[in-house]
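To start, the structure itself, in structure tokens.
The values are calculated or read from the model by the stated rules, or taken from the named source; none is laboratory data. Predicted model only: the values in this text are computed from it and were never measured. Here Cβ is always computed from backbone atoms with ideal geometry, including for glycine, and neighbour counts include all displayed protein chains.
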Amino acid sequence: MKSNKKAYAAVFGVVILTALSGSQPLLPAQHSAAQWSVQVNAIDPGDVKIEPAFKVAIYENLLGELAKTKQFKQVLRSGDRSANGLPDLLILKTTVEKYTAGSETRRAVTTVSGATKLKVRSQLCTREGQVILERSVDGNVRFFGGNLRATHNLAHNVANAIKQSTLPAATTSVSE
């Protein structure tokens, strides 16, 4: 008899939790960045000689890492026509400040040399050109992995810097 009461209580608890999970959570308001969309501009090499593969890899990894943060309504590519109609759009501009080519072979032999290093300046701007966030961010691969792994680490660090910052509230309200 006691085991039946425990079973009923457990089932009742599961039913209540299931019913509550469909309703709006009782949490503080979401981070204001959830209202923004972001467009990632092509990578500007600046005065740095960087291989085209690195520019493309930084760009593609930024798109992926920003989407993973789930902070933005949409993550758009440069030139995406759907960005024209979006009221709350931020533009991510990334300029390479420093690039040190590495060597996978050297990294495999020694931990002292062979690191691939990247440093970029990332700016999050409004359409009007107002800079809302500006950071210098590093990415590198020191021990194991291919040279292009530095671009993934860099994009991850840029996304984290944006995620940890406080963005202004978007001008339009979110209707979901």
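Computed quantities for the displayed model
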{"item": "Qualifying positions in region 118-139 - under 21 Å from LEU154 (Cα atoms), of a type in the set (Val, Ile, Thr) and without any contact (Cβ under 8 Å) to a residue 40 or more places away in the chain", "result": "VAL131, VAL137"}
{"item": "Hits in region 71-109 (condition: surrounded by 13 or more Cβ atoms within 10 Å (Cβ to Cβ), out of contact with any strand residue (DSSP E or B) (no Cβ under 9 Å at 6 or more places or on another chain) and at pLDDT 90 or above)", "result": "none"}
{"item": "Positions within region 151-176 being among the charged types (D, E, K, R) and at pLDDT below 90, in sequence order", "result": "GLU176"}
{"item": "Selection from region 125-150 of residues that are assigned to a loop (DSSP other than H, G, I, E, B), modelled with pLDDT under 90 and of a type outside the set (A, V, I, L, M, F, W, C)", "result": "ARG142, GLY145, GLY146, ASN147"}
{"item": "Within region 155-170, considering residues that are touching a helix residue (DSSP H, G or I) at 6+ places or on another chain (Cβ under 9 Å) and more than 21 Å from GLU97 (Cα to Cα), the one surrounded by the most Cβ atoms within 10 Å (Cβ to Cβ)", "result": "LEU167"}
